[in-house]
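Input: a single structure, listed below in structure tokens.
The values are calculated or read from the model by the stated rules, or taken from the named source; none is laboratory data. Since the model is a prediction, treat every value here as computed from it, not as a measurement. We place every Cβ from the backbone using ideal geometry, glycine too, and count neighbours over all the protein chains shown. Side chains included, ligands, DNA and RNA excluded: accessible areas come from the protein's heavy atoms. Shrake-Rupley method; radii C 1.70, N 1.55, O 1.52, S 1.80 Å.
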Amino acid sequence: MMAAPVEVAVCTDSAAQLWSCVVWELHSGANLLTYRGGQAGPRGLALLNGEYLLAAQLGKNYISAWELQRKDQLQQKIMCPGPVTCLTTSPNGLYVLAGITESIYLWEVSTGNLLVILSRHYQDVSCLQFTGDSSHFVSGGKDCLVLAWSLCSVLQADPSRTPAPRHVWSRHTLPITDLHCGFGGPLARVATASLDQTVKLWEVSSGELLLSVLFDVSIMAVTMDLAEHHMFCGGSDGSIFQVDLCTWPGQREKSFQPEQDHGKVFRGHRNQVTCLSVSTDGSVLLSGSHDETVRLWDVQSQQCLRTVALKGPVTNACIVLAPVSMLSSDCRPSLPLPHFNKHLLGAEHGDEPRHGGLTLRLGLHQQGSEPSYLERVEQLHGVMCSTLEKSVLGGQDQLRIRVAELEDEVRNLRKINRDLFDFSTRIITRPAK
């Protein structure tokens, strides 16, 4: 029988005295792996393709990359043009997305090419996340804006024009602190948290605001369980609030009342909650805090199951299904990480060209070098029309030959018709014996 998937907690703190990142088995608490080399910033940790661990370095202009098994050896430093404020990867493993001050940088993993720079935020980008099918991504910033982007539109946009987000959500009044994309790809719902003491729930397909919940404190972290029965909101006072989405009354705006929902508050952290994550079955909640602890909670009873003390304020804590390469010591990545370019693809001042590799391009990323679909259709239509004319009419000589053949055939048919007429006339007029 195949072993059940193992859920692990991946955590970082801002001190990074003994290690940069620790991985422990969720239910037993046993330490599995530690990674060394730098301090990971908040919202700056991501798994790439189940083979690499990426960490945006706190206040630094590079991203650290480790092979999941070669934990003591930093595989690569991905140099960036400025301090990286947040980081994520697409679930399909094809793209890396980073917030660098107020811009969003999108790299293609197979080539290391920087495909696009999106500059639609006015202040630092604070959080980034893809939808589960990698078709969309959402960005939140200190400018109080949340932008929902279609990946296809971003990649195929005219290079001379700035790509536009699919939706601009501007209902928050203070900086965005966290966001969470639910299940469902382009039909997903997105939860956004802000210093304005609200958590809002949006629909990616329509762009509509579905729900706004007001709290007594600023909300620093937000997540939902996989079935989206509950939304968990981490407060600046250390409390974690549970909002039940299935039993919520019909109104779009509501205040969370701790005295009425006394059974829906997780208490134990002594400082602001910085990150939240729920197990796959929705039974366990993981939280990290500035009080330098990571806590594991039972969702049904709101009881703390385990407290793990770290050496500094917790910057990342998430529950993931452990990739095979994390648990098997002889696993190696199927492909090495490429050199990640700092400059846009095709820029004259770009990085030195690298030779000797095989490049497989997925999608029309090099716009301008290939005709548009409309131009291709027009070209194909022209070829078909000319081919049709030639096949039907041919040249003038062929046309004369064809006419002569048809005239001969008509003469033969007329002769046959006359012969048949004469024969039938003779039969009919023959005298009876």
Non-local amide H neighbours of Gly282 (under 5 Å, H modeled in plane, Pro and chain starts lacking H): which ones?
Leu226
As I understand it, the value is the acute angle between the Cα axis of helix 373-393 and the longest principal axis of the Cα atoms of the chain; what does it come to in degrees, rounded to 10?
10
Residue-by-residue Karplus 3J(HN,Hα) for the stretch 172-184, coefficients 6.51, -1.76, 1.60, Hz, glycine and proline x
7, 10, 9, x, 7, 9, 6, 8, 9, 8, x, 7, x
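With every protein chain present, what is the per residue accessible area of the stretch 72-225 (1.4 Å probe, Å²)?
Working: 5460 Å² over 154 residues.
Per residue, the stretch 72-225 has an accessible area of 35 Å².
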On a full-extension model of 0.36 nm per residue, what is the gain between Ser283 and Ala30, subtracting their alpha-carbon distance, rounded to one decimal in nm?
89.2 nm
For the pair Val324 and Leu174, what calculated FRET efficiency results from E = 1/(1 + (r/R0)^6), where r is the Cβ-Cβ distance and R0 = 51 Å, to the nearest 0.05?
0.75
Of Gly184, Ala16, Ala317, whose Cα points farthest to the positive end of the dipole of the chain (charges on the beta-carbon: +1 Lys, Arg; -1 Asp, Glu; origin at the Cα centre)?
Gly184
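Using a 1.4 Å probe on the protein chains only, how many percent of the accessible area of the chain belongs to carbon and sulfur? Could you put the intermediate results ahead of the total?
On the way: 12120 of 22640 Å².
Carbon plus sulfur share of accessible area: 54 percent.
Can you check what the net charge comes to around Asn417, using other residues whose Cβ is under 14 Å from the Cβ of Asn417 (Lys, Arg +1; Asp, Glu -1)? Could the numbers behind the result be given before it?
Details: positive: Arg411, Arg414, Lys415, Arg418; negative: Glu409, Asp419, Asp422.
Around Asn417, the charge tally is +1.
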So, with points 7 Å from each Cα along the Cβ direction, the Arg166-Asp244 label distance in nm works out to 3.2
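Can you give the convex hull volume of the alpha carbon atoms of the stretch 135-250 per residue, in Å³?
Numbers: hull volume 11.6 nm³, N = 116.
It comes to 100 Å³ per residue, whole-number rounded.
What FRET efficiency, computed as 1/(1 + (r/R0)^6) with R0 = 22 Å and r the Cβ-Cβ distance, is obtained for Ala309 and Val265, rounded to the nearest 0.05?
Working: r = 23 Å, r/R0 = 1.03.
Result of the calculation: an efficiency of 0.45.
Could you order peptides 136-149, 399-412 by the average number of other Cβ atoms within 10 Å of their residues, highest first? The partial results should precede the final answer.
On the way: 136-149: 23.3, 399-412: 10.4.
Put in order of decreasing packing, that is 136-149, 399-412.
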Flagged links, alpha-carbon separation over 29 Å, of Lys142/Lys254; Lys60/Lys254; Lys77/Lys200
Lys60/Lys254; Lys77/Lys200
As an exercise, use a Förster radius of 45 Å and the Cβ-Cβ distance of Phe183 and Met384 to find the FRET efficiency, rounded to the nearest 0.05.
0.50
Length gained when the stretch Val403-Ser119 is fully extended (0.36 nm per residue, less Cα-Cα span):
95.4 nm
Stokes-Einstein diffusion coefficient of the stretch 73-194, Kirkwood radius over Cα pairs, 20 °C, 1.002 mPa s, in µm²/s:
147
Using the Kirkwood radius over C-alpha pairs as Rh, can you work out the diffusion coefficient of the chain via Stokes-Einstein at 25 °C, viscosity 0.890 mPa s, in µm² per second?
98
